[in-house]
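Structure first, commentary second.
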Amino acid sequence: MATNFDFLRKTDKNLYEIISEAEKLYRDEYFEQCMGQTRRFAENVCKNVLGRKRTTEDTFDQMLATLKDNSQGSEQEKEFIEDLYFLKKFGNQSVHSSSVKKDGINALECLQRAFEVAINYSVYNKNGDKNNLNLHYDIQLLATGKKDKTLAQKYEQAKQKSIKKDSKPKTSKIKKATKQISVIKSCPQKQKTPYYWIIVGIFAITTLTLTVFLLI
């Protein structure tokens, strides 16, 4: 079954399995367990990023503090650490909660934050494909486990439909045009009197009038 974290499979299989399990828990509506799993994911990411810089840090809080101290202050690092803190906070709340809240909204937010963490980790810590930075979390994929059609596939499908539509004979329009032509042809045209005969008539009347006047 496809997941939003398939790009992580080649980078770190262990992390991929942890976070893909979180998506499965969400799909089955185990929201609290899902948030706990995203916290586990975040803690393991933090541990991997610290690497040799980790000395006596045992807890997630300690590792986050060390990671923050070693940060260079870039925007990318700030967002990365902020997402880790978010996952720790809601993961702790879900684990220590005394009742099942069915909090799907926060669980979804945790998955989306984990997605950003995974992209950051794969690109900046594991030299993964930089095209991963253009990925977006697909909620439909989360719900169904099936990938939606790519933009290219959607374009090709729309193109094929357009071609089929245009290839159909437009008989109705042809008939309509023929009918209009026949109507135009059937209309009798008014005969116009040439200007030449009008002028001849005027001169004839003038001549006749003068002749009558002279005879009188």
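Here are F60, F90, F86, F31: which of them is in contact with a Gly (Cβ under 7 Å, 6 or more places away or on another chain) and of a type in the set (A, V, I, L, M, F, W, C)?
After ruling out the rest, the residue left standing is F31.
Condition (residue is more than 17 Å from K47 (Cα to Cα), in contact (Cβ under 8 Å) with a residue 60 or more places away in the chain, assigned to a helix (DSSP H, G or I) and not β-branched (V, I, T)) applied to the stretch 123-134: is it met by at least one residue?
Checked the stretch 123-134: at least one residue is more than 17 Å from K47 (Cα to Cα), in contact (Cβ under 8 Å) with a residue 60 or more places away in the chain, assigned to a helix (DSSP H, G or I) and not β-branched (V, I, T).
Could you list, ordered by first residue, the pairs with Cβ atoms under 6 Å in which the first is in the stretch 1-14 and closer than 16 Å to Y137 by Cα and open to solvent by less than 80 Å² (accessible area, probe 1.4 Å) and the second is modelled with pLDDT of 95 or more and assigned to a loop (DSSP other than H, G, I, E, B), at least 6 apart or interchain?
Hits for this filter: N4/Y137; N4/D138.
Given the conditions (1) open to solvent by less than 40 Å² (accessible area, probe 1.4 Å); (2) touching a residue at least 60 places away in the same chain (Cβ under 8 Å); (3) outside any helix (DSSP H, G or I), report the number of the one that K102 does not fulfil.
Against the list (1) open to solvent by less than 40 Å² (accessible area, probe 1.4 Å); (2) touching a residue at least 60 places away in the same chain (Cβ under 8 Å); (3) outside any helix (DSSP H, G or I), K102 comes up short only on (1).
Out of everything in the stretch 86-99 that is surrounded by fewer than 16 Cβ atoms within 10 Å (Cβ to Cβ) and in a helix (DSSP H, G or I), what residue ends up being farthest from the chain's Cα centre (by Cα)?
H96
The values are calculated or read from the model by the stated rules, or taken from the named source; none is laboratory data. Keep in mind it's a predicted model, so treat the numbers as computed, not measured. Glycine also receives a Cβ, built like all others from the backbone with ideal geometry; neighbour counts cover every protein chain displayed. Just the protein is used for accessible areas: all its heavy atoms, side chains included, with ligands, DNA and RNA removed. Shrake-Rupley method; radii C 1.70, N 1.55, O 1.52, S 1.80 Å.
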